[in-house]
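Below is one structure, written out as structure tokens; the observations come after it.
Nothing in this text is a laboratory measurement; each read-out follows from the coordinates by a stated rule. Only a predicted model underlies this, so the values are computations on that prediction, with no experimental measurement involved. Because the Cβ atoms are built from the backbone with ideal geometry, glycine has one as well, and the counts that use them run over all protein chains shown.
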Amino acid sequence: MAVITPERSADVRNPLAELASLASTAGAVVVDGLIQRRTRIDSATYIGKGKVAELRERADASDANLVIFDNDLTPAQIRELEEATGRKVLDRSELILDIFAARARTHEARLQVELAQLQYTAPRLRGMWTHLERIAGAGGGTGAGNVGGIGTRGPGERQIEVDRRIVADRVAFLRRQIDEIDQRKTREVLSRYDEFQIALVGYTNSGKSTLMNALTGAGQLAEDKLFATLDTKTVRWRLGEGRAALLSDTVGFVRDLPHRLVASFRATLEETIHANLLLHVVDASAPNASAQIESVLKVLAELGCGDIPKLTVFNKMDVAEDVSIVQVLEQQHEPSVRISAKSGEGLDGLVAAVTAVMAGSDVDATLRAPIADGRLLATIEQRAQVRERRFDGEFVELDVRINRTHLDQMRGRHPGMIVVQSTN
């Protein structure tokens, strides 16, 4: 069920396409769909009495036992809809949280998903305890319960309070755990500040993991499913001519990604926050590619990394039906390249584009190092493009092209190295 309002974007060709994909990813079998356009939502049921009746009829006819909304509903609206339809009702946020919970593999991801789920569940606890409302103090049943005041706190309300305290304590514990992970992750990422760091970002199922495998042979899980990857993986990407960068694959985004999920996954997205370059991977075959791009840019802005340099990578060009749409998007989101991570088409152009970005901070230098210092020489070979070598007794002079940050770092860590000359 999708409700389209003036302020809410949707795929005009198929407003239910993404919801159907999310539902299938969660393990549901989609048997019917319903769309409603409204200028404003109904405070009680979100969709109004008439549409509720139609929803009940359609659910009965298709023998559905679950109704999923492509909107975020209040606890009261969910309760009203469940009573009216006689079926369990999920909203968009709960569906996405359920998918994340099923896909979380690492301890870190499980903590983050649990925190987001508890924050979602906390305001809905009263609805979970409606079976106790008949008890005095929980809404009626005795004179004291009806009047209120002294004596109105019956077992039902006490149970809700106990449950809320348990949730609050668990949330506090999870936040402490995630804060520790966040601090450790930040230290880990910042310890690599002398490396050029690149993060793959994009809408879910845009092909980020497939691209990472094609570029590095990382063996990252790549499936034709939403949110196939939740945990960040970082590997070294060798671009040739002595250049290398750290490439990180991150969790995919979707439209209206729950804010709680973005906040709890901040540690996982640390590579994105501290990246030198973002490769924004776009599914060029998606009919709503423009809307997907805007959704990703919105989340990046929420994370505070909207100003990081970006290279837009239009992926799946081998199956894109309307190239004219890509041409328009290229003009709106420069610089950009076209590729197919699956077939390998355009990957050389991507490497060249990334190399050009990295070269913008490069300098030419002549380095003098002891021949016996194998560790230093290996570092130079790894970090720089060596153009010429000259041997002088126990020393070797190397004419190199190197990133300025790498040069400064090696100068500080290897006192045996002498920078004979350095020019832009």
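Legend: residue pairs Lys185/Lys316; Lys208/Lys342; Lys88/Lys298; Lys208/Lys316; Lys233/Lys310, Cα-Cα distance threshold 22 Å; pairs beyond threshold, Lys185/Lys316; Lys88/Lys298.
Sorting the segments 275-288, 47-60, 95-108, 381-394 by their mean number of nearby beta carbons within 10 angstrom, highest to lowest, gives 275-288, 95-108, 47-60, 381-394. By other beta-carbon atoms within 10 Å, ranking Ser62, Ser93, Ser290 with the fewest at the front produces Ser62, Ser290, Ser93.
Assuming 1.567 mPa s and 4 °C, estimate D for segment 2-90 with Stokes-Einstein, Rh taken as the Kirkwood radius over Cα pairs, in µm²/s.
On the way: Rh = 13.4 Å.
Reported coefficient: 96 µm²/s.
Can you put Glu195, Glu161 in order, fewest other beta carbons within 10 Å first? Don't skip to the end; give the middle numbers.
Working: Glu195 19, Glu161 12.
Starting with the residue having the fewest Cβ neighbours, the order is Glu161, Glu195.
As a footprinting exposure proxy, order Tyr120, Tyr46 by other Cβ within 10 Å, with the fewest listed first.
Details: Tyr120 18, Tyr46 25.
So the ranking, lowest neighbour count to highest, is Tyr120, Tyr46.
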